[in-house]
Amino acid sequence: MKSNVSKLLSTAAIAATFSVGATAATLDDVKAKGFVQCGVSSGVPGFSNADDKGNWSGIDVDACRAVASAIFGDGQKAKFTPLSAKERLTALQSGEIDVLTRNTTWTYTRDASLGLDFTAVNFYDGQGFMVRKDLGVTTAMDLDGATVCTEQGTTTELNMADFFRKNKLSYVPVVVQKADEALAAYDSGRCDVYTTDKSGLAAHRTKLADPKAHLILPETISKEPLAPVVRHGDNQWKDIVTWALHVQVNAEEMGISSKNVAKIKSETNDPSIKRMLGVEGDMGAQLGLPASWAYDIIANVGNYGEIFERNVGPSTPVDIPRGLNALWTEGGVMYAPPVR
Amino acid sequence: MSDNTTPNNNSFLHDAGNRAMIFQVLLLAVVVFVGYYLFSNLQANLDNRGISTGFSFFNEPAGFPILIHLIEYTEANTYGRAFFVALINTIVISLLGIVLATIIGVIMGLARLSKNWLVARLATIYIEVMRNIPLLLQMFFWYFAVLAALPAPAQSYEFADFLLNKRGIYSPNPMIQDGFGLVVFGFILSIVASIGLVIWAKKRQTKTGLWFPAYWSSLGLIIGITFLFLAVAGFPIEFDLPQKSRFNVTGGMVLPPEFVAVLVALSTYTGAFIAEIVRAGILSVNWGQTEAARSLGLRDNLTQRLIVLPQALRVIIPPLTSQYLNLAKNSSLGAAIAYPELVAVVMGTTLNQTGQAIETIGLCMLVYGSLSLSISIFMNWYNSKMSLIER
């Protein structure tokens with residue numbers, strides 16, 4: 001009995017010495033298991049949404065597929081964990097997912113104190129309000145005394161409070177646990193107003209009983225730069241996720257798309273394109289990736305413009321104008337550092 | 001302690017009591033060590049990942065609103081105050097739920113035993129339906145289905161000065177005016193008087209055997225005296241009436257649908273379980289007891305109250321305690337339909353705004369632990385009071 005106890009004690013002591021500070025590089029973990037595990041939202045059309053066969057699509061899903069393409073040359077080597085707003089950061093902190101590609105706003109506190117790092121913005125957004133058209137409201141300044149529905153555990157809750165306080169308007173908050181139920185409460189008439197990021201409003205409007213009966217008010221009450229998030233302290237992994245996004249924007253700027261990338265790779269004389277597509281130099285190796293990493297991203301997922309059009313562009317039900325998300329050369333703020 | 005089985009070996013380790021003590025100490029040491037190891041591992045990992053720890057965020061402004069707050073609360077208040085708002089909401093819904101569930105349970109349990117065929121069948125249907133549908137589903141039903149059926153604020157149903165619409169039940173809000181102190185004095189006086197009445201009735205019954213309806217008279221006394229003082233003080237209460245405004249209803253008091261839905265779902269669901277416990281308790285009392293009481297000439301309601309229920313309670317209380325604990329814990333499901341209780345405010349919003357997962361979840365576990373233990377301790381005390389006193 002006594003020897004058993006001492007055995008137990010020494011095992012525990014050994015375990016203690018080893019497990020403290022033993023955090024392996026995420027890239028090695030991902031390569032070992034053979035896929036990237038991404039956290040996504042549980043259903044925002046255009047951003048991350050699963051169809052009835054369980055196939056995921058959306059801008060945030062493509063951000064994850066881009067990372068999988070860069071590592072494995074195969075965009076399908078990505079698995080998705082649907083997370084609610086309140087679960088998402090903890091899931092990343094605890095290592096349940098490798099990267100959080102779930103319309104998450106880049107804020108100071110989240111970046112500085114949560115052990116997290118934000119990568120590059122893949123959608124510039126801002127919070128707005130949606131109301132029923134028959135209320136006759138045309139501006140958010142008319143919302144004095146309104147009841148407002150929103151999802152729990154988001155920056156939305158704080159922005160909403162700030163907006164009403166700043167403008168000295170009274171309101172009744174109804175904060176529901178999940179986005180779908182918040183929307184259901186709005187649809188059933190519990191609230192006059194539904195508030196979330198404008199992209200979310202556009203996406204959720206498609207799910208309402210009668211989408212045409214609802215109006216998104218013109219005010220944008222906050223800045224919501226949405227970016228994929230990784231754990232703090234793994235710089236190589238952060239660089240991979242960041243540059244997987246930068247490559248998409250650069251590709252659009254250079255006129256490279258999923259349709260012409262093979263042709264351009266074999267024919268181009270432009271040294272910067274040659275470097276990026278892995279024809280020359282060791283760009284991939286610098287991040288521990290194959291030489292064809294950027295080529296694979298563009299061939300599998302496409303450039304930023306293609307991704308935008310395919311998921312949320314005017315031809316989709318979500319119908320969001322390019323706006324701020326246009327390239328910097330076309331009046332937007334999408335600006336990626338050069339690959340060189 | 002020291003009854004040695006081998007009297008010729010008096011060594012320290014051969015004493016069974018000593019050996020037991022040594023193993024206890026060793027076990028305690030292992031538990032403490034493992035606990036310390038887990039804690040230091042956690043600390044090291046949190047430090048490695050740059051996650052700040054501690055409860056200092058409690059003093060920072062929360063910045064988010066809370067729909068239902070029984071103490072003063074605005075966005076400018078701290079996370080600490082938001083925690084207390086949520087804690088009060090949890091306790092209020094749990095206690096009200098327990099009271100309502102008990103009333104429903106007792107009525108339904110008796111109804112299922114009723115000799116009236118229809119009453120018994122209806123109670124059976126109620127109990128079986130409620131027990132077999134998940135609570136969360138019932139909450140969604142009460143919240144979304146009932147909301148959908150109610151009119152918008154502009155078309156509210158009106159009864160006297162009460163309004164009913166999708167935003168809740170609105171009633172006049174009593175506003176206390178000068179001179180209310182007199183009414184409070186009258187109320188206290190009436191309570192003192194009724195306590196005296198009950199004591200006098202008891203004494204008289206033991207002395208003369210004559211029975212006096214002390215409890216009903218006390219109720220009348222309290223209402224009567226309070227009303228008298230209210231009239232003397234000139235009715236020092238004004239009512240703030242609810243009024244329809246552009247979007248909602250302003251003024252008055254409101255019971256929000258979130259509160260109503262959670263309370264109804266919790267109490268009807270748990271009530272069905274309590275009904276079965278009550279039925280089991282009553283069936284456990286031998287029929288001979290009832291026959292004996294009747295042969296003494298006791299009326300039926302007195303037989304139930306003085307003979308059957310006290311004996312049934314001994315069977316009822318322990319499982320009833322579990323149901324109360326379930327109800328208190330199930331109140332956390334209110335988060336799903338926007339009732340701002342502990343899980344919604346602390347593990348939902350606060351956790352997400354501050355990222356302090358360990359602290360907030362630990363705090364919630366502590367609260368639910370203490371809440372459950374308090375209910376348990378109270379019910380155990382009640383149980384020992386009710387149990388058979390052997391002389």
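Observations on the model:
- Pairs from the table (A:K77/A:K265; A:K33/A:K77; A:K53/A:K212) lying more than 20 angstrom apart at Cα are A:K77/A:K265; A:K53/A:K212.
- Only aspartates and glutamates eight or more places from A:K31 in sequence, or on another chain, were considered; those with a Cα closer than 14 Å are A:D74, A:D98.
- Length gained when the stretch A:W328-A:M141 is fully extended (0.36 nm per residue, less Cα-Cα span): 64.1 nm
- Cα gyration tensor shape for segment A:126-224, rounded if a/c is under 1.5, else prolate or oblate: rounded
- Within a Gaussian network of chain B (alpha carbon springs, distance under 10 Å), most fluctuating of B:L136, B:L283, B:L26: B:L26
- Inter-chain Cβ neighbour average for residues B:145-157, partner chain, 10 Å: 2
- In chain A, Cα pairs under 8 Å separated by at least six residues give a relative contact order of 20 percent.
- Expressed to the nearest 5 percent, the antiparallel share of DSSP beta bridges inside segment A:126-224 is 50 percent.
- Euclidean distance of C-alpha centroids, segment B:156-223 and segment A:291-340, integer Å: 71 Å
- Under Karplus coefficients 6.51, -1.76 and 1.60, residue-wise ³J(HN,Hα) of segment B:109-123 in Hz, glycine/proline x: x, 5, 4, 5, 8, 4, 7, 6, 4, 5, 4, 4, 5, 4, 5
- Number of partner chain Cβ atoms within 10 Å, mean per residue of B:28-36: 2
- A 1.4 Å probe over all protein chains sorts B:E276, B:E258 by accessible area into B:E276, B:E258, starting with the largest.
- For the options A:E309, A:E157, A:E280, a Gaussian network treatment of chain A with springs between C-alpha atoms closer than 10 Å singles out A:E280 as fluctuating the most.
- Here the protein assembly as shown has 63 percent of its accessible surface on carbon and sulfur atoms, given a 1.4 Å probe and all protein chains in place.
- The distance linking segment B:314-388 with segment A:149-181 is 27 Å (Cα centroid to Cα centroid, whole angstrom).
- Whole-angstrom Cα spans of segment B:53-211 along principal axes, big to small: 67, 50, 46
- Remark: relative contact order (segment A:126-224) = 48 percent; criterion is Cα-Cα distance under 8 angstrom and separation of 6 or more residues.
- The distance separating the Cα centre of segment A:23-102 from that of segment B:53-101 comes to 35 Å.
- Per residue convex hull volume, Cα atoms of the protein assembly as shown, in Å³: 244 Å³
- Considering only the protein assembly as shown, percent of DSSP beta bridges that pair antiparallel, nearest 5: 70 percent
- Long-range HN-HN contacts of A:A146 with modeled amide H, under 5 Å: A:V172
- GNM flexibility winner over chain B from B:S322, B:S171, B:S11 (Cα, springs under 10 Å): B:S11
- For the pair B:L210 and B:N18, the difference between a 0.36 nm per residue extended length and the Cα-Cα distance amounts to 62.8 nm.
- Partner lysines for B:K203 [C-alpha distance under 28 Å; skip if fewer than 8 residues away on the same chain]: B:K385
- Mean per-residue shielding of peptide A:108-121 is 3, counting Cβ atoms of other chains within 10 Å of each Cβ.
- Given R0 = 56 Å, the distance between the Cβ atoms of A:A285 and B:L26 translates into a calculated FRET efficiency of 0.50.
- Prolate/oblate/rounded call for segment B:209-338, Cα gyration tensor, a/c under 1.5 rounded: oblate
- HN-Hα J in Hz across segment B:344-355 - Karplus 6.51, -1.76, 1.60, θ = phi - 60°, x for Gly and Pro: 5, 7, 8, 7, x, 5, 4, 4, 6, 6, 9, x
- In chain A, the calculated helix contribution to ellipticity at 222 nm averages -11500 deg cm²/dmol per residue, counting -39,500 (n - 2.57) for every DSSP H run with n ≥ 4.
- Pairwise FRET efficiency - B:L118 versus B:F235, Cβ, R0 = 41 Å, nearest 0.05: 0.35
- The amide H of A:F80, built 1.01 Å from its N in the peptide plane, has A:C38 as neighbours under 5 Å, considering only residues 5 or more places off or on other chains.
- For chain B: rounded, prolate or oblate by the Cα gyration tensor [a/c cutoff 1.5]: oblate
- DSSP beta bridges fully contained in chain A are about 55 percent antiparallel.
- Chain B, relative contact order in percent, only Cα pairs under 8 angstrom and at least six apart counted: 20 percent
- Segment A:105-173: proportion of alpha-carbon pairs further apart than 21 angstrom, %: 39 percent
- Peptides A:216-225, B:209-218, A:241-250, A:134-143 ordered by packing proxy, namely the average of other Cβ atoms within 10 Å per residue, highest first: A:241-250, A:216-225, A:134-143, B:209-218.
- Treating r as the C-beta distance of A:N260 and A:T206 and R0 as 41 Å, the FRET efficiency rounds to 0.85.
- Cross-link pairs beyond the 25 Å C-alpha cut-off, checked among B:K166/B:K329; A:K86/A:K207; A:K168/B:K244: B:K166/B:K329
- Think of it this way: in chain A, no Cys stands alone, since each has another Cys Cβ under 4.7 Å.
- Computed from backbone phi with θ = phi - 60° and the Karplus coefficients 6.51, -1.76 and 1.60, the 3J(HN,Hα) list for segment A:313-322 is x, x, 7, 9, x, 5, 6, 10, x, 4 Hz; x is used for glycine and proline.
The values are calculated or read from the model by the stated rules, or taken from the named source; none is laboratory data. Treat the numbers as computed from the prediction; the structure is a model and nothing was measured. Because the Cβ atoms are built from the backbone with ideal geometry, glycine has one as well, and the counts that use them run over all protein chains shown. Keep in mind that these areas ignore ligands, DNA and RNA; they rest on the heavy atoms of the full protein, side chains included. Shrake-Rupley method; radii C 1.70, N 1.55, O 1.52, S 1.80 Å.
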